[in-house]
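Only one structure is covered here, and it is reproduced in the block below.
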Amino acid sequence: MRLEEYFSRQENGILVSRQQASTFAKKVAGDFNPIHDEDAKRFCVPGDLLFALGLHHYGLSQHMRFNFGGMVSDNVPLLFPQTDDNDISICDNNGKEYLNISRSGECSTDQALTSELIQRYVEFSGQTFPHILVPLMQERQVMINTDRPLVIYERMMINVDDLNIQNPSLELSSSTLDVDGKRGSVSLQFVVNANGTTVGRGEKNIVLSGLRDFDQAKIDLLVIEYNGRKNAYLTN
């Protein structure tokens, strides 16, 4: 994967176009959420692309936490400061923060390792819907608004014991959905493996809004529509 294909560097910051964001979501992450379509009214840049840009700029530290502070629309200039600080704010030209990165421990700037981990993580993350979310919603008997589905990336953490690894892979270890009224908090726990050994662990947290009673027929239709979009893209 050449991450440079999915952003442009200009004087006023890093820019991601609708086309770049949409292609990354579909081609790299396998994420067909309509909010990442080029013509989406509520368009936003995938959180996984922001995560990828963070690793691309600052390398992989043993302990990293990514907090997402807002939805990035197309061509918003993002400033990635050149810094050795352990707490980094990614803002626009007006100082609005979209991503906060906290890091500690040793750091690897091995581009091959970083690129491989990005690829494996976004592939894992892109499977959230429907493979993970639908069973969780069914278990708790709640669901998102199928007419206007909104799933928000909240934060992501990763801890790697050994940075001297090759060909890492990610595997889901557990998943939970906590419900508080119309709001749901999803936690996806995963392990990082390399050469048959667990070398790290992580967690992805997302927020579901507008929850309502579970309706199997509506969920089935949403999944059919989602898979239809995916199949149409892959066919073309």
Can you confirm whether the range 105-115 contains a residue that is under 30 Å from GLY210 (Cβ atoms), surrounded by 16 or more Cβ atoms within 10 Å (Cβ to Cβ) and modelled with pLDDT of 95 or more?
-> no
Are any of the residues in the range 79-89 under 30 Å from ALA194 (Cα atoms), under 13 Å from the mean Cα position of the chain (by Cα), not in a strand (DSSP E or B) and not aliphatic (A, V, I, L, M)?
-> no
Out of all the residues in the range 135-155, which are out of contact with any strand residue (DSSP E or B) (no Cβ under 6 Å at 6 or more places or on another chain) and crowded, with 18+ Cβ neighbours inside 10 Å?
-> MET143, PRO149
Residues of the range 178-216 being closer than 28 Å to ARG120 by Cβ, more than 22 Å from the chain's Cα centre (by Cα) and touching a residue at least 24 places away in the same chain (Cβ under 8 Å), in sequence order, are ASN195
Scan the range 1-59 for residues that are surrounded by fewer than 15 Cβ atoms within 10 Å (Cβ to Cβ), out of contact with any strand residue (DSSP E or B) (no Cβ under 9 Å at 6 or more places or on another chain) and among the basic types (Lys, Arg) and jot them down.
-> ARG2, LYS27, LYS41, ARG42
May I ask you to verify whether PHE66 is over 28 Å from ALA112 (Cα atoms) and of a type in the set (Phe, Trp, Tyr)?
-> no
How about the range 227-236: which of its residues are at pLDDT below 90 and basic (Lys, Arg)?
-> none
Report yes if some residue within the range 57-65 is closer than 27 Å to ILE132 by Cβ and aromatic (Phe, Trp, Tyr); otherwise report no.
-> no
Only one residue in ILE224, ILE165, ILE219 is over 15 Å from the mean Cα position of the chain (by Cα), modelled with pLDDT of 95 or more, surrounded by 17 or more Cβ atoms within 10 Å (Cβ to Cβ) and farther than 23 Å from TYR6 by Cβ. Which one?
-> ILE219
Among the candidates ILE158, ILE118, residue that is out of contact with any strand residue (DSSP E or B) (no Cβ under 8 Å at 6 or more places or on another chain), surrounded by 19 or more Cβ atoms within 10 Å (Cβ to Cβ) and either farther than 25 Å from GLY69 by Cβ or touching a residue at least 40 places away in the same chain (Cβ under 8 Å) (or both) = ILE118
Only one of GLU97, GLU38 that is within 27 Å of LEU222 (Cα to Cα) and of a type in the set (D, E, K, R) = GLU38
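The values are calculated or read from the model by the stated rules, or taken from the named source; none is laboratory data. In this text the structure is predicted, and so the values were computed from the model without any measurement. All Cβ positions, even for glycine, are placed from backbone atoms using ideal geometry, and neighbour counts span all protein chains on display.
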